[in-house]
1. Can you pull out the residues in region 134-155 that are surrounded by fewer than 24 Cβ atoms within 10 Å (Cβ to Cβ) and either within 14 Å of the ligand (Cβ to nearest atom) or within 17 Å of the chain's Cα centre (by Cα) (or both)?
2. Out of (1) in a helix (DSSP H, G or I); (2) over 26 Å from the mean Cα position of the chain (by Cα), the odd one out for N336 is which?
3. Based on this model, can you work out whether G90 counts as assigned to a loop (DSSP other than H, G, I, E, B), more than 16 Å from the ligand (Cβ to nearest atom), within 23 Å of D226 (Cα to Cα) and out of contact with any strand residue (DSSP E or B) (no Cβ under 8 Å at 6 or more places or on another chain)?
4. Is it true that some residue in region 270-278 is assigned by TED's automatic domain parsing to the domain that holds R89, touching a His at 6+ places or on another chain (Cβ under 9 Å), within 16 Å of the ligand (Cβ to nearest atom) and farther than 30 Å from L201 by Cβ?
5. Being within 20 Å of the chain's Cα centre (by Cα), outside any helix (DSSP H, G or I) and of a type outside the set (A, V, I, L, M): is that true of P323 here?
6. Of the conditions (1) assigned to a helix (DSSP H, G or I); (2) crowded, with 23+ Cβ neighbours inside 10 Å, R345 satisfies every one except a single condition; which number is it?
7. Name the residues in region 97-128 that are surrounded by fewer than 24 Cβ atoms within 10 Å (Cβ to Cβ), over 26 Å from D275 (Cα atoms) and within 16 Å of the ligand (Cβ to nearest atom), would you?
8. Look at region 95-106 and say how many of its residues are polar (S, T, N, Q), out of contact with any Phe, Trp or Tyr (no Cβ under 8 Å at 6 or more places or on another chain) and part of a helix (DSSP H, G or I).
Amino acid sequence: MSADQSANFARRMGQMRPSTIREILKVTAQPDVISFAGGLPAPELFPVAEVRAAADAVLTQYGSRALQYGPSEGFMPLREWIAEELVRRGLQATATEVMVTSGSQQVLDLVGKLFLDPGDVVLTENPTYLAAIQSFQTFEAKFVPVPTDADGLIPDALPALIRQHRPKFLYTIPNFQNPTGITLSAPRRAAVARIAAEHNLTVVEDDPYGKLRYRGADIPAIKHWDEAGRVLYVSTFSKTIAPGLRLGWIAAPADIMARLLILKQAADLHTSSFDQLVAHTYLTQNDPAAHLEKIRQAYGERYAVLDGALRAALPAGYSWTTPEGGMFLWVTGPENLDAMELLGRAIAQKVAFVPGRDFFPAGGGKNFLRLNYSNATPERIREGVRRLAALCRAG
Ligand SMILES: Cc1ncc(COP(=O)(O)O)c(C=O)c1O
């Protein structure tokens, strides 16, 4: 038995809670559980053969260099690939303004370190990404929610919040938001960029899902309208290649990048050289756009199956969002629903989801459910909704 060392823990640990999702994921790892819970991509769509071939080619071509330490900014050809891709999507970025990170989750940690002292305010959507809340909590941030509606956050609310709270930054997920699936409209994106410039507001634009649009037309990123250099654009290969590679990135102006680089060095020296080489080889030796198309089709189909099954089976009093891409939809239950209690009954029936509560940085949200539709096959989605709806009707 080890001695209790909690008296020696840092003050920040007082705020930290284990993630409900991580706890739920332990249950959903059992194969007979139908999971709408984690944000797991469809494993059968991972490009296993292509990644195997890329790994082989990397070791043949680069030999021991592939296993050596590398630059903290990342592997230059991969940074160039990312910058070209950003330019194709209407963003101004050069390779030197791109840093490769260990997942985009690491960017959130580095950005927190760069901007946040204890008590500093972060503006967020309400609800927002659970692990962003956790990450910024490490720096003892305070969260101030920005009012939102079906088109995402409401930019007109920002100036008053900025004046009142002097936030260090706005954290936003404009495409198919996690957890709601909601997309910020184009006029609002332009407005956010304009307000950021006028009020000297830093915007952290987190965009893991933008390429997973299965309906409607793409909308340029907020950074597209950012002439003042206030927007830090964050994305990842987790949803377009595979999350196990742990490859994300940030595109930011040079002065921000110089500071992030110091923090990156202190955090882990650099992101895995081998994984970066494999990803770059995969991207240049294959047709990633065709692969993406397969993912989009599958997720579009799964979304339609989930939406149809919910329509057919959920009782009155439940409503949900209609995302045009990404991996999640967001269910609002009746006022008196306790989604945590529902989860207990759901797990007994071998179906899982994430209760909405933990996505609200300022509390509340007991009657919401986040449903993921990327991970389960259509048959399992139908069966999962059948079980879940029976519990909703009983409860
Ligand atoms: C909004 C958002 N940001 C960041 C991440 C982190 O992704 P990764 O670290 O795998 O790039 C996720 C993962 O689900 C996410 O949903």
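The values are calculated or read from the model by the stated rules, or taken from the named source; none is laboratory data. Bear in mind the structure is a predicted one, so any value in this text is a computation, not a measurement. For neighbour counting, all protein chains shown are included, and Cβ atoms are generated from backbone atoms with ideal geometry for every residue, glycine included.
1. At the first step, the residues of region 134-155 found to be surrounded by fewer than 24 Cβ atoms within 10 Å (Cβ to Cβ) are 134-135, 137-140, 142-152, 154-155.
Q134, S135, Q137, G152, listed by residue number.
2. Among (1) in a helix (DSSP H, G or I); (2) over 26 Å from the mean Cα position of the chain (by Cα), the lone unmet condition for N336 is (1).
3. On the way: assigned to a loop (DSSP other than H, G, I, E, B): yes; more than 16 Å from the ligand (Cβ to nearest atom): yes; within 23 Å of D226 (Cα to Cα): yes; out of contact with any strand residue (DSSP E or B) (no Cβ under 8 Å at 6 or more places or on another chain): yes.
Answer is yes for this residue.
4. Taking region 270-278 as the starting set, the residues that turn out to be assigned by TED's automatic domain parsing to the domain that holds R89 are 270-278.
From the residues that got through so far, the ones that are touching a His at 6+ places or on another chain (Cβ under 9 Å) too are 276.
From what is left, the residues that are within 16 Å of the ligand (Cβ to nearest atom) are 276.
Checking the rest, the ones that are also farther than 30 Å from L201 by Cβ come to 276.
Yes, because at least one residue in region 270-278 is assigned by TED's automatic domain parsing to the domain that holds R89, touching a His at 6+ places or on another chain (Cβ under 9 Å), within 16 Å of the ligand (Cβ to nearest atom) and farther than 30 Å from L201 by Cβ.
5. Details: within 20 Å of the chain's Cα centre (by Cα): yes; outside any helix (DSSP H, G or I): yes; of a type outside the set (A, V, I, L, M): yes.
For P323, the condition - within 20 Å of the chain's Cα centre (by Cα), outside any helix (DSSP H, G or I) and of a type outside the set (A, V, I, L, M) - is met.
6. The number of the failed condition is (2).
7. Within region 97-128, N126 is the sole residue that qualifies.
8. Pass one, region 95-106, residues polar (S, T, N, Q): 96, 101-102, 104-106.
Checking the rest, the ones that are also out of contact with any Phe, Trp or Tyr (no Cβ under 8 Å at 6 or more places or on another chain) come to 96, 102, 105-106.
Still in the list and also part of a helix (DSSP H, G or I): 96, 105-106.
The number of residues fulfilling the criteria is 3.
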